[in-house]
Amino acid sequence: MLLKLENIGHTYQAGSPFQARAIEDVNLEIYEGEFLALIGHTGSGKSTLAQHLNGLLKPTSGRVLLNGQDIHEKGFDKKEVRRNIGLVFQYPEHQLFDETVEKDVGFGPRNLGLSAEEVKERVQEALEKVGMRYEDVAQKSPFELSGGQMRRVALAGVIAMRPKVLVLDEPIAGLDPLGREELMGMIKKLHEDGTTVVMVSHSMDDVARYATRAAVMDHGKLVMTGTPEEIFRQADRLTAMGLDVPQVCRLGAMLREAGLAFPENVYREEQALTALMTLLGKGAESDAE
């Protein structure tokens with residue numbers, strides 16, 4: 001495994017009258033090359049958990065291991081964490097700060113001590129991966145761009161570090177349908193190119209379409225892990241936690257209630273289409289008889 005969380009707990013403002021336990025006794029392994037979705041209702045602790053993955057938050061209890069090493073152990077080089085684990089916040093455009101796109105995207109690589117040529121190469125590469133031409137935007141202020149472009153630039157700033165793991169906290173929040181589709185397409189391509197992805201998401205449809213595994217948080221605890229099929233098979237349990245299921249799952253339940261033999265293990269659109277075509281084919285055979 002690449003990352004391992006051992007008995008992680010986190011309390012905000014510990015020791016004060018306002019202390020609040022956000023996560024408790026979380027054990028989770030993140031494997032190289034996977035696309036892991038972190039899901040849970042608002043306040044379940046998933047964003048807090050995500051911020052432990054790159055050391056932004058230090059656990060109140062437990063350990064975060066990167067390739068077997070505790071990232072908070074004395075003497076551990078924090079640059080290794082930043083180099084390997086990239087974190088993109090919800091509304092990442094709020095992370096922008098520099099006067100030009102080139103400087104903003106190149107901030108992380110410059111801090112790694114790379115040469116000017118290497119930094120420029122990484123900036124060009126990162127912008128290309130988010131669908132932007134270096135020549136078109138490099139010298140522009142990021143604050144002159146549209147909201148969708150600003151989000152791409154913020155993502156490029158993390159990609160420029162060439163992280164092994166990309167952690168995204170609700171990356172499509174606030175985007176229109178086209179913007180959501182484009183951004184998720186970019187994230188999918190990064191995953192296909194070898195980047196391990198951990199994505200906090202409220203969209204069960206996106207989890208169904210893109211994730212290879214899902215982890216469910218509820219009231220600060222990790223309560224379920226498994227493939228999307230294994231997770232969505234437990235629709236009643238998810239509903240009890242205030243979560244939804246993909247639209248395809250709801251459609252399947254309605255068809256089964258209507259007496260049709262729609263399979264229960266269908267949770268993606270292409271699976272649903274195949275199942276419906278099979279049902280229609282059987283219906284046509286019955287009519288012919």
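Computed from the coordinates by the stated procedures, all read-outs in this text should not be read as laboratory data. If you're wondering where the values come from, they're calculated on a predicted model, not measured in any experiment. Don't worry about glycine lacking a Cβ; one is built from the backbone with ideal geometry, like all the others, and counts go over all protein chains shown.
Ignoring the sites themselves, the chain has its longest run without chymotrypsin sites (Phe, Trp or Tyr not before Pro) in a DSSP loop having at most 16 other Cβ atoms within 10 Å at 98-289.
If the segment from E192 to N67 were pulled out straight at 0.36 nm per residue, it would be longer than the present Cα-Cα gap by 42.8 nm.
Relative to the current alpha-carbon distance between L114 and E80, full extension at 0.36 nm per residue lengthens the span by 10.8 nm.
Hey, in the GNM for the chain with a 10 angstrom Cα cutoff, which one of M277, M224, M161 fluctuates hardest? The residue with the greatest mean-square fluctuation here is M277. Please find, in a Gaussian network model of the chain (springs between Cα atoms separated by less than 10 Å), the residue of P142, P228, P263 whose mean-square fluctuation is greatest. Between P142, P228, P263, it is P263 that shows the largest mean-square fluctuation. Highest mobility in the GNM of the chain, judged by mean-square fluctuation with C-alpha springs under 10 Å and restricted to T212, T42, T278, is found for T278. Taking a ≥ b ≥ c as the square roots of the eigenvalues of the Cα gyration tensor, the range 177-239 is classed as prolate, since a/c reaches at least 1.5 and a/b is larger than b/c.
Projecting label points 7 angstrom from Cα along Cα→Cβ for L178 and S141 puts them 2.6 nm apart. Rounded, prolate or oblate for the range 1-89? Axes are the square roots of the Cα gyration tensor eigenvalues, ordered a ≥ b ≥ c, and the cut-off for rounded is a/c under 1.5. Note, shape of the range 1-89 comes out oblate. Remark: L49, L56, L243 ranked as L56, L243, L49, counting other beta-carbon atoms within 10 Å and listing the fewest first. Report the calculated FRET efficiency for T227 and F97 (r = Cβ-Cβ distance, R0 = 35 Å), to the nearest 0.05. Approximately 0.35, to the nearest 0.05. Computed across the range 127-209, the Kirkwood hydrodynamic radius from all distinct Cα-Cα pairs reaches 13.4 Å.
Shape class of the range 198-289 from the alpha-carbon gyration tensor: prolate, with a/c at 1.5 or above and a/b greater than b/c. Potential lengthening of the chain between L273 and T212 amounts to 19.9 nm, from the contour at 0.36 nm per residue minus the alpha-carbon distance. For the chain, the Kirkwood radius over C-alpha pairs fed into Stokes-Einstein at 20 °C and 1.002 mPa s yields D = 104 µm² per second.
So how many Å³ per residue does the convex hull of the Cα atoms of the range 18-58 work out to?
Given the Cα convex hull of the range 18-58, per-residue volume reads 90 Å³.
Sites listed here are trypsin sites (Lys or Arg not before Pro) in the range 40-115 whose DSSP assignment is loop and whose Cβ has at most 12 other Cβ atoms within 10 Å: K74.
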